Each structure stands twice: as C-alpha cells, then as structure tokens.
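Here the structure is laid out as structure tokens; the discussion comes afterwards.
Every number in this text was worked out from the coordinates using simple rules, so none of it is lab data. In this text, all values refer to a predicted model and were calculated from it rather than measured experimentally. So basically every Cβ, Gly included, is an ideal-geometry build from the backbone, and we count neighbours across all protein chains shown.
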Amino acid sequence: MSTTERAAPPAEGTAPTPPAAAGRRRLPRDLPTLRRGVRRRAGRARRISRALVAAALSAWRSSLHVRIGAITMVVAGTVVVIVSLVLFSQIRTQLLTVKQQAAVDQVQSGVFYAQTEVVGIAAGDAASVRTTLDRTVQQLLTRGGSAGDFDVVMVYRTGDSERPPAVSRPGIYPALPDGLRADVRGGGQSYQYAMVPNASGEARPTLLVGSPVPGGASSAGQIELYYAFPLDQEDETLSLIRSTVAISGIALTLFVAGIGVLVTRLVVDPVRRAAGTAQRLAEGQLEERMAVRGEDDLARLATSFNAMADSLQRQITQLEGLSQLQQRFTSDVSHELRTPLTTVQMASDVLYESREDFPAHVARSAELLHEELDRFERLLSDLLEISRYDAGAAVLDWAPTDLGALVGRVTGGMSSLAERHGCELLVTCPPDPVIAEVDARRVERILRNLVGNAIEHGNGKPVEVTLAANRTAAAMTVRDHGVGLSSAEAQHVFDRFWRADPSRVRTVGGSGLGLSISLEDARLHGGWLQVWGQPGLGAQFRLTVPLTAGTDLTSSPLPLRPTIVRRPAGATARTAVHRA
C-alpha cells in the first residue's frame, strides 16, 4: 500500500523556503567561477595546440629528415591505401562470386527436389498444402548443400492471395525484398543481397535466392521457393583480410618511410658536416677540414671543399698580413711625420706671426702655409684614429653626459663658421635633461663633423639640430637644405676619402675621414649613424645612441626621413636654441 508524503508546514513567522533554494542562491557565485575555469582550460588547450603546431612547423622547416620522412610516409601511405582498396575489392568480389555460384547451384537442386515433393498437391486442401510445404522445407534443410548455412521459405500463392508461408526460421519472410518477390512471381530465378535478422534479431548481410517451383500446383496456384544464405563467414573472412591488409599497409608505410629517412641521412649527414665545417670557417677557425672517406661523390665533395678551404685560408692569411702591414705603415708614417711636422709648424707659426713685416705675396704665402699645416695636422690625427680602429685598439671612455649641454657646446663652437657661410643654426632640445652614458669626446666629434658638413653643403640655408630621447635611446639629427644626396651617393657617404662632387673646393678644410671616423665612433657606442638625402632637398644625418652603455638599440626617438618644409634662406647668421 503506497502513501503520499506531505511537507511539514513552515513555522509561524518563517517564510516558506522553496525546494533547492540554497542551490539557486549559490548559482550566481559558482557560475562565474565555472566559466573562468572553462576559459582557463580552453586558453591552456589553445596555447598547447599553438605550441605543438609551432614545433611541427619549426621541425618541418629546419629538418630535411622530417620533410623526407613525412613526404615518403604520405606517398607510401597513399599508394598502400589505393593498392589495398583495389586488392580488397577484388577479394570481396571473388568471395561473393563463389558464394553466389554455390548458392544458385544449391537452389536449383532444391527446386528439383521440391518439384518432386509437391507434385499433385491438392490446391483446395489448405491443411494438405501446409503439411506438404512444411515437410518439404524440413527435407531441404536436412539435405544441406555446398553454400553453407541457409534457411528456406516456401510460399503458396493463388491469384493475388497468399497462404501463410512455410519457413525454417521466423523473421525471414518479412525481410524478403519486394523486387526479389516480383522477379520470382514473373517466373524467373533471381538473387539479391539484403539485411536479414538472424536468430537473435540482429540484422546481418544475407544472400537471398528465389525461384518458382514449376508444376508444383494446379493452374490456380504457384509455389515460390526462397533460400537465405547468411554471409557471416564471408564477413568474418573479409574483416580478417581487412585487418591484415591495414596492419600490413601501416607496417609497409613505416618501413618505406624508415628507408627514406635512412637513405636521406646517408646523404644529409655529410652535407650537414660540411655546413658545420663551413660555419666554423666563417667564425675564423681556418684550420677546419672535412674528413674524406672512400672515393664516391661525397668523398669528392669533401676533397673539393677542403681544397676551397685551403685556398681561402691562404688568401685570408695574405689579406690579414697586408692589412696588418697597411695598418702598421699608416701608424708608423703618422708617428714619424709628427716630429718634422712639429718643426715645420713651429717655423710656420713664426712666419705667420711676422707676416705683417713681409711683402704682400710673402705674407699671403705664410697664411696659406699656416692653414695647410693645420689641415695636415688634422689629417694626421684622423689617420692615427683610423689606425686605432683598424687595429681594434679604440676604447670607449663613457660617463653620464648631458646631451643637451653637449649639443649647445657644439653649436656654440660652430657659430662663427655658420656666420661666415651666412647660415642659421636652429637647435631643438627637450625641456628635461637627456642623460646618456657615452664618451662625450667622441659624440662631440661626431656632432661637430655633422654640423660642419651641413654648414658647408647647406648653401647658406638654415641647419636644424634636433635632440630627442625615449626610455632606452637618445637621437640627434642634423638637417640641411642644400644640394642633398642621391640614393647612390648616400651609400658611399661614409666611405674613406669619398666626396660627392670631387670638383668642389672644401671650405671647411676636412680630411675626408670625418664621416668614416664618426661612423666608427657610433658603432663603438653600439649606436647608429644613418643618412637620408634627396637632390635639391638637402640631407639629414641621424645619430642614435643607447642611454645605458652596453644595451642594444631597437628603435630611434627621431625619424630618419624628415618632413620636407621649404624654408627661405635666413639673411642673418645666429645660433638659436629652442626648448620644446
């Protein structure tokens, strides 16, 4: 006897609590946590998948073994799959053909036997028809056949009506296809594959063969005989063949891929050793050579490589010797010229100071001698500096330096030169001090060279000097509006003794090494010295140095290409310092 439970009424003054209220109250707090957990897991899965894809792509790009193995596996796998499909299709067709021929032969034998059993059947006696059909079905089952297990169905049809069929096992008759029944009713033998339930009710592939039994009834009736041959044995055989072919195909694919990788390794390893030897040669280990084994093509490659390395070593050794000889010659000549130059300069100073007592042409000669000796002294100083850079003896003496004050000193010192050329110096600096760890003497020399070149080539137009900084770097640009530079000239502007126009007369009196030394000074700081120019629009040089010595540069606070603004030439020479 069942009873119905009722909830106890709430106490007075207490609001009724609906069922699962606590769970609903916790849901707003638990749902966001669940969502965050799902997002974290999804994000972790995406990161892992991206890492795997990146690793696979990296292995594909960097490893010839991986590429050859993958390509060989894909090609071999494709061939194996195609061959396996063709082979499996042929085996399946052959098995079914043999099964079908045996089944047709067995049905024909069964039709002959059934014809002898049902001769003279009394069409009007339903009990006699039923007994005869059941007996015939049982006799056909006991006779067996070469086609394996089977079931039998016999149908007695009179006109458009059928009597209950005689079957060896229930469930077969409803599964007979209509097309097969129609062909048999038309008087012909026919077969068809269909899914027929077995003894446990599971649909299994079955070969159905039907045929009419001639002379088995009066003119008012017709007997149809159907055989059902389950294909379980053939299905198991095909499954075994399928598994065998799949395992064999996978093993064959891996075997072929392994052979491809092995063959590739035999070819790639010598090339890889040659690449490693070439890399060590590029790093300066000129004594590195490849091991020569055998007399095949790879051995000839190693021999040729070693001969090339010997030739390169000889040429590099000769070039190093010539370079050292040139550096020593330049240094020795510069040092040796110091003493006579000092003597000649002292005599020149005496003549220069007494030039007012000489005739006009002698006084002019004393002035020219004094100027050219000053230029000769600067040339010797630059040659000594270049020789120190070539010998790797240049040392950076850095210290925290206010670049704004340094720019002010340089522009102040160049103001007299700007006045002589009738040009205006425009300086822009940030309001806060820019402190950088640099060698002030070298940076000042770079900036002095850049400003002097801008004044000389500026055609009397304003020269703009700009200082800016970001978190990691400081940059200074020197912009003139003079003759400018073409792209081809900009590629050679830092070459030693190079001049854009050899016919022009130097008014500043440089040595032709100023920009080369400036470039070496910038590199010694770990910085950049770059140039932009266009014919008729002037040029701009940009010096970028790190704020902290030893750090790498990633960007510059100032653009290399300036905003082109046409300015009228200033009539008055002055030094203007603007604080942004």
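Details
- Projected area averaged over orientations for region 402-443, convex hull of C-alpha atoms, nm²: 3.3 nm²
- Hull-based mean projected area of region 206-330, where the convex hull spans the alpha carbons, in square nanometres: 17.7 nm²
- Using the Cβ-Cβ distance between Gln491 and Arg46 with R0 set to 51 Å, the FRET efficiency from 1/(1 + (r/R0)^6) comes to roughly 0.65.
- Put a dot 7 Å past the Cα of Ala203, heading toward its Cβ, do the same for Asp232, and the two dots end up 1.9 nm apart.
- Applying 1/(1 + (r/R0)^6) with r as the Cβ-Cβ distance of Ala127 and Arg242 and R0 = 56 angstrom yields a FRET efficiency of 0.65.
- Between region 356-378 and region 45-114, the alpha-carbon center distance in angstrom: 98 Å
- Between region 178-257 and region 425-485, the Cα center-to-center distance that results, in Å: 95 Å
- The label-point distance for Ala275 and Ala59, in a model that sets each label 7 Å from Cα toward Cβ, rounds to 1.7 nm.
- FRET efficiency, Asp149 to Arg67 (Cβ-Cβ, R0 60 Å, nearest 0.05): 0.65
- A cut-off under 10 angstrom between Cβ atoms defines the neighbours of Ser168, and their net charge, with Lys, Arg +1 and Asp, Glu -1, is -1.
- Here the spin labels are modelled as points 7 Å beyond Cα on the Cα-Cβ line, and at Ser555 and Arg523 they lie 2.7 nm apart.
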